[in-house]
Amino acid sequence: MNSALSITKNIHDWLFSIMPEAAASIAEMVLIALVYDAIKLLSKELTGTTRADKFLYNLAPYFVIISSLMALSVFPFTKEFQAFDINIGLFFLIAVSSIGVIGILLGGWSSNNKFAMIGAMRSGVQTISYELSIGLSLLTMVLLTGSLQLSEIVEVQKSGWLIVQGHIPAIIAFMIYMIAGTAETNRAPFDMVEAESELGAGFHTEYSGMKFAYFFLAEFINMFIIAAIATTVFFGAWLSPFGITESIPMLGVFWFLLKALILVFLMMWFRWTFPRLRIDQLLTLEWKYLLPLNLANIVIMALLVWLNLTISF
Amino acid sequence: METVTVNSNFKSEEYFINMGPQHPATHGVLRLLLTIDGEIIKKVEPDLGYIHRSIEKMCERDSYQQIVHLTDRMDYLSANINNEAVCLTVENALQLEIPERVKVIRTIIGELTRISSHCLWWGVMGMDVGALTTYFYGFRDRELLNDIFEETCGARLTMNYNVPGGLMFDIHPNFVKRVKEFITHFKTKLPEYDRLLTNNIIFQKRAIGVGVLSKEDAISYGASGPVGRASGYSCDVRKHHPYSALDKVTFNEALRTEGDTYARYLVRIQEMWESMSIVEQLIDNIPEGEHRVTTNAVIKLPKGEYYQKVETARGELGVYIISTGTKSPYRLKFRSPGFSNLSLLNHIAVGGKIGDLVATMATLDLVIPDIDR
């Protein structure tokens, strides 16, 4: 508790020394809430059920968090600032981000709780369905770039962001991608997995403390990943609009984060505004509407590329 | 309702799950014993008794003035209307002549309570189907009403404003002004509710055709309030047996015939408009006069049986008193709207998904302390 108070005091002093008073007090509230949240999650007791399958129960959070953190390794924040530039970057991203669902399924199953199991089963159904839409909508854009390597995808966009180059089919692909991405990260309006008014807390009902925090943080990292993939594939990653800051390459980080965070904001906006779908409506949306639309969209995009009707500057 | 055909090679198994007494969707300590096949509800058995406080038995011990205070704790969202019900019963039994001023103020506060209750219901309804913004909208507007109540009688939720014979205090000098301000404010906010939730395609998909209650079933289960009216059963006590100043105002009874979750939703939204119009008709001409007639310190009802019903935000609340001429009733029975509305849950929720059950339950607008007295 003493450490928490001293952290609070340090943040307070620092903020009031660098900002006007009104701004500092708001920033203080935000920052201190974050710090306290972290301290709370770290210091909470790890409760669990005695009847749980201990090995799987303890393993599940790591699947989720590791898959999320691994995905972060390939994003091109600037031309140089990219940990791994592998030639199957986009494929790697989709592959890695779908490992997370194994953790959710394991967590829900091993908790030995019916609510958790319903949540986990929903998660399995939902993630597998929406993976198709994510993959297909990204494939639509790969038709334009001709490469799965993220640095090449950015290179192509120097003559116009892909959402501009591919115009109508690209916009459709982007919308499908955002819907499927929201569903993939189990965020509202597709948060069937948690559905707090139906299942209490869904698959992580029996988790607490840092184990819960892994699920919780993974959800937020996943949201950033979905936004970052969209930034890379549709909005030119670190490229500045109209090349206004081309001479300062390090500003790429700023542009990348700005674009990604705007998309994160969009997803949070969905979450607070829309009611949740029902599980059967969720599957209907994917299999009856998004998937056929996506397949048709790929054909249109292929025709567009073949007939050379793309826009580039 | 869509049916699922299961391949005979796979054996589907029904299982039992406990929803509550601690569950976010049951709005309190209601426990539902669910029998589920996958996601599909096969049986819903409400299990009550987690917040039973023997209010009816306590009434047999207390004097009539004290009973009024207990009724706040039943349906705490329409606290003032509950108080009014007991006061009306006692006043009718004593054949007291109640001043016009009291009647008008009671009606105004009653309708404001109804708006406040529906505001909260709307916020929670949105949250139950997953839209979180509604909660803040609903509470933002309810807060203004709570402030008005606080200024008038000192309490925000359990108001105790009514006493047998009138009102505990006269209204605050600011009351008329603030109520008018609220009405102007709320007239701009209620269309916002529609834009946010009513016209949302996801919400409509979740609500239309879900939890359908036919008119016949509504009558045979004793449904009342918005639940009954959404099924086309005209059961507004304010219309059919007007009390206080409700015979002086004109308003439409919100009626729909579909009987589904969406109809129950729309009925409540319309009721907020009607309540506003009732308040508007009365607020400008509150008659002058006493705010209370003096009664004996110890009220003794003449020997006999008395019944009075009022329309709370949830439906018909009946107060049935058997008096033997002593200072407290021999038996006092509340006919609470939530209890009969809950009894039809199994009938309308079976066959739906878990999500449907939650949405249906939200439109029944259950207040558990009202069911479990």
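Rule-based calculations on the coordinates, nothing more; no lab input. Predicted, not measured: the structure shown is a model, and the values here were computed from it. Neighbour counts run over all protein chains shown; Cβ positions are idealised from the backbone, glycine included.
I'd like the mean, over residues of B:121-129, of how many other protein chain beta carbons sit within 10 Å of each residue's own Cβ.
Details: counts 0, 0, 0, 1, 1, 2, 3, 5, 8.
If you average over the peptide's residues, the count of other-chain Cβ atoms is 2.
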Quiz item: Hey, in the GNM for chain A with a 10 angstrom Cα cutoff, which one of A:Gly119, A:Gly108, A:Gly146 fluctuates hardest?
Solution: A:Gly146
Self-check item: Footprinting exposure proxy for A:Leu239, B:Leu33 (fewest neighbouring C-beta atoms within 10 Å first)
Solution: B:Leu33, A:Leu239
Quiz item: Hey, which aspartates and glutamates would be in cross-link range of A:Lys211, C-alpha to C-alpha under 17 Å, not counting anything within fewer than 8 residues on its own chain?
Solution: A:Asp37, A:Glu45, A:Asp53, A:Glu194, A:Glu219
Quiz item: What percent does the relative contact order of chain A come to when contacts are Cα pairs within less than 8 Å and at least six residues apart?
Solution: 24 percent
Quiz prompt | segment B:49-117: trypsin sites (Lys or Arg not before Pro) falling in loop per DSSP and having at most 11 other Cβ within 10 Å | solution = B:Arg61
Quiz item: Are there any helices in chain A, counted as whole DSSP H runs, that stretch 30 Å or more along their axis by Cα and score at least 0.0 on average by Kyte-Doolittle, and if so which?
Solution: A:21-43, A:114-145, A:209-234, A:252-273
Self-check item: Cα shape, segment B:53-371, gyration tensor, a/c 1.5 rule
Solution: oblate
Quiz item: Under the definition of Cα pairs under 8 Å and six or more residues apart, what whole-number percent is the relative contact order of chain B?
Solution: 26 percent
Quiz prompt | Given 11 as the ceiling on other Cβ atoms within 10 Å, longest exposed-site-free region of chain A for GluC sites (Glu not before Pro) in DSSP loops | solution = A:81-313
Quiz prompt | C-alpha long axis of helix B:175-193 to longest principal axis of chain B, angle in ° | solution = 10 degrees
Quiz item: Which residues make up the longest stretch of chain B that has no GluC sites (Glu not before Pro) in a DSSP loop with at most 12 other Cβ atoms within 10 Å?
Solution: B:98-287
Quiz item: Which of B:Ile148, A:Ile248 comes first, and how do the rest follow, when ranked by fewest Cβ neighbours within 10 Å?
Solution: A:Ile248, B:Ile148
Self-check item: chain A - mean residue ellipticity at 222 nm from DSSP helices (-39,500 (n - 2.57) per run, n ≥ 4, rounded to 500)
Solution: -22500 deg cm²/dmol
Quiz item: Hey, got the average number of other protein chain Cβ atoms within 10 angstrom for residues in A:187-200?
Solution: 5
Quiz item: Between the helical axis of B:100-128 and the dominant principal axis of chain B, each derived from Cα atoms, what acute angle in degrees is found, rounded to the nearest 10?
Solution: 20 degrees
Self-check item: Shape of chain A, Cα gyration tensor, a/c cut at 1.5
Solution: oblate
Exercise. Identify all lysines with a Cα-Cα distance to B:Lys180 below 17 Å; exclude those on the same chain that are fewer than 8 residues away in sequence.
Key: B:Lys189
Exercise. Whole Å is fine, so just give me how far the alpha carbon centre of segment B:328-368 lies from that of segment A:90-134.
Key: 35 Å
Quiz item: Hey, which of these cross-link pairs are over 29 Å Cα-Cα: B:Lys309/B:Lys353; B:Lys57/B:Lys300; B:Lys42/B:Lys205; B:Lys177/B:Lys248; B:Lys57/B:Lys309; A:Lys44/A:Lys114?
Solution: B:Lys309/B:Lys353
Quiz item: Which of the trypsin sites (Lys or Arg not before Pro) found in segment B:217-269 are in a DSSP loop and have at most 16 neighbouring Cβ atoms, other than their own, within 10 Å?
Solution: none
Quiz prompt | Filtered chymotrypsin sites (Phe, Trp or Tyr not before Pro), segment A:1-91: DSSP coil and at most 11 other beta carbons within 10 Å | solution = A:Phe84
Practice problem: Quick one: order B:Cys235, B:Cys87 by neighbouring beta-carbon count within 10 Å, fewest to most. | Solution: B:Cys235, B:Cys87
Exercise. Report, in degrees rounded to the nearest 10, the 0 to 90 angle that the Cα long axis of helix B:261-283 makes with the longest principal axis of chain B.
Key: 20 degrees
